[in-house]
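Worksheet: the structure to be examined is printed underneath.
The values are calculated or read from the model by the stated rules, or taken from the named source; none is laboratory data. On a predicted model such as this, the values are computed, not experimentally measured, just so you know. Virtual Cβ from ideal backbone geometry, glycine too; neighbours counted across all protein chains shown.
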């Protein structure tokens, strides 16, 4: 009730402070610099320039939610602003992952109990040796607990060093995603696939002091990261999350700046999964399977203008594949911002 009262008290601020400008819906292609490391055996080396647009895609059967693997480049059709594009880079589960675990430590309930900790540790152990993992924790502030490493023992140790839960602290999603994206840009493997996995019980919140939710979104898009959420579900979590979801929906009506994990996941081609804490290992398994079976592809736009405009992307699976496999759902980024000269 205390948090409900606080959330509702924020709403009148909409009449005092102007709204923030909307975030761009996606990112410009990222520039990839050499990392100074030799590729490991079996790692695919991709040389990227500023004009190459890179995207990940997860393909699922709509009826069964089964992952569709084994598709080829010619099974996809890609469009930018309605204009067909040629896919020049294509692979599945060959590029290494940069996985950043973003763990919520604020609010009424602790989402990172022993069951969730165990599930995270087990899921990380199933990543490829070439995949790297970092750990961050957030509430009112954001802490880097473990920098990117391929050392699974170091990651396991970091999960035990996550700061304690603070019931009086807030869920500052805007700060968390801004800092996570900035770290991903600066430290993530430049030729890998980038994923931010947030573990939280609260999936929407008003902006705290600092970067706005719109600015945090832009940084996430700029980093080229896919955002995924894992929610340990419980009656208390559903109540707290429901309170914040209702309050932020009302706040948006009055142009109060907010951030929602579901929006970030949808706009970056990710997903949000939930389950009881004791069953979250299954959700983690599903998420890791989906990450490992995503398709990576790239193209150079036929629109050569470096004008900084937002360009819509549409990725489709060919009718021939859908005829044999049934209706398919494609999760991928929906747009990007062109580079500016």
(1) assigned by TED's automatic domain parsing to the domain that holds residue 201; (2) surrounded by fewer than 18 Cβ atoms within 10 Å (Cβ to Cβ); (3) assigned to a strand (DSSP E or B); (4) in contact (Cβ under 8 Å) with a residue 24 or more places away in the chain: which one isn't true of residue 118, the others all being true? (3)
Those residues of the stretch 301-333 which are under 23 Å from residue 218 (Cβ atoms) and touching a strand residue (DSSP E or B) at 6+ places or on another chain (Cβ under 6 Å), in sequence order: 301, 306, 308, 310, 311, 312, 313, 314, 315, 331, 332, 333
Go through (1) closer than 20 Å to residue 76 by Cα; (2) buried (at least 19 other Cβ atoms within 10 Å of the Cβ) for residue 293 and report which single condition fails. (2)
Quick one: is residue 202 in contact (Cβ under 8 Å) with a residue 24 or more places away in the chain, touching a helix residue (DSSP H, G or I) at 6+ places or on another chain (Cβ under 6 Å) and closer than 21 Å to residue 246 by Cβ? yes
Check on residue 274, assigned by TED's automatic domain parsing to the domain that holds residue 111, under 20 Å from residue 111 (Cα atoms) and part of a helix (DSSP H, G or I): no
Would you mind telling me which numbered condition in (1) in a helix (DSSP H, G or I); (2) over 30 Å from residue 114 (Cα atoms); (3) more than 18 Å from the chain's Cα centre (by Cα) residue 267 fails? (3)
Working only within the stretch 50-102, note down all residues that are out of contact with any strand residue (DSSP E or B) (no Cβ under 8 Å at 6 or more places or on another chain), within 30 Å of residue 305 (Cβ to Cβ) and modelled with pLDDT under 90. 50
From the options 214, 187, 176, 180, residue that is touching a strand residue (DSSP E or B) at 6+ places or on another chain (Cβ under 6 Å) and at pLDDT below 95: 187
